[in-house]
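Structure record follows, encoded as structure tokens.
Coordinate-derived values only; no laboratory data. This structure is a prediction, so every number in the text was calculated from the model and none was measured. Positions of Cβ are backbone-derived with ideal geometry, glycine not excepted, and every protein chain shown enters the neighbour counts.
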Amino acid sequence: QVSLVESGGGLVRSEGSLRLSCVASGDIDNCSARGWYRQTPGKQRELVAQITSSGSTNYADSMKGRFTISRDNAKNTVYLQMNSLKPEDTAVYYCAVLFGGTVDWGKGTLVTVSS
């Protein structure tokens, strides 16, 4: 059983920055990747960024150059540094741990970007 707890969301002005954190508890040693996704009302959850067990990263096109995913394995924590935020980045951001074909989700943290 894996538990994921996100933090760091909040209200920020356009062009501002936030750093999200996700602490995992439980056995994640064999996960294939950890990632951040986001969702707005009426839309499907979408990938923001992902970091694999080998350290490779992958970003959605609209986040490249603005967002950075990183991890601290000793703390079982993954981070998402978000810079140059835009109002369209407003969403609930979810942390995820991927094990092959299955995904464990956190409860999400709300990010609101005001114009």
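Using 0.36 nm per residue, how much length does the chain from Val103 to Gln39 gain when fully extended, once their Cα-Cα distance is taken away? Each step should come with its number before you reach the end.
Details: separation 64, 0.36 × 64 = 23.04 nm, distance 1.57 nm.
21.5 nm is the gain from fully extending Val103 to Gln39.
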Subject >> Radius of gyration, Dmax [the chain; alpha carbons; angstrom] >> reply: 13.3, 41
**OP:** Work out how far the C-alpha atoms of the range 19-76 reach from end to end along every principal axis, then list the three figures in whole Å, largest first.
**Re:** 34, 24, 21
**OP:** Have a look at Ser84, Ser54, Ser21 and tell me which one the Gaussian network model of the chain (Cα, springs below 10 Å) gives the largest fluctuation.
**Re:** Ser54
Original post:
Which one of Gln50, Gly16, Thr68 is farthest out on the positive end of the charge dipole of the chain, using unit charges on Cβ (Lys, Arg +1; Asp, Glu -1) and the Cα centre as origin?
Top reply: Gly16
**OP:** Provide Rg over Rh for the range 69-115; use the alpha carbon set for both Rg and the Kirkwood Rh (inverse mean inverse pair distance).
**Re:** 1.04
Original post:
Among the Cys residues of the chain, which have no other cysteine Cβ under 4.7 angstrom away?
Top reply: Cys31
Subject >> Within a Gaussian network of the chain (alpha carbon springs, distance under 10 Å), most fluctuating of Thr52, Thr68, Thr102 >> reply: Thr102
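Can you compute the charge dipole magnitude of the chain about its Cα centre, using +1 on each Lys and Arg Cβ and -1 on each Asp and Glu Cβ, nothing else charged? Give it in debye, rounded to the nearest 20.
Working: 12 positive and 10 negative charges, 47 e Å.
Computed about the Cα centre, the dipole is about 220 debye.
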**OP:** Excluding residues fewer than 8 places away in the same chain, name every one of the lysines whose C-alpha is closer than 22 Å to that of Lys75.
**Re:** Lys107
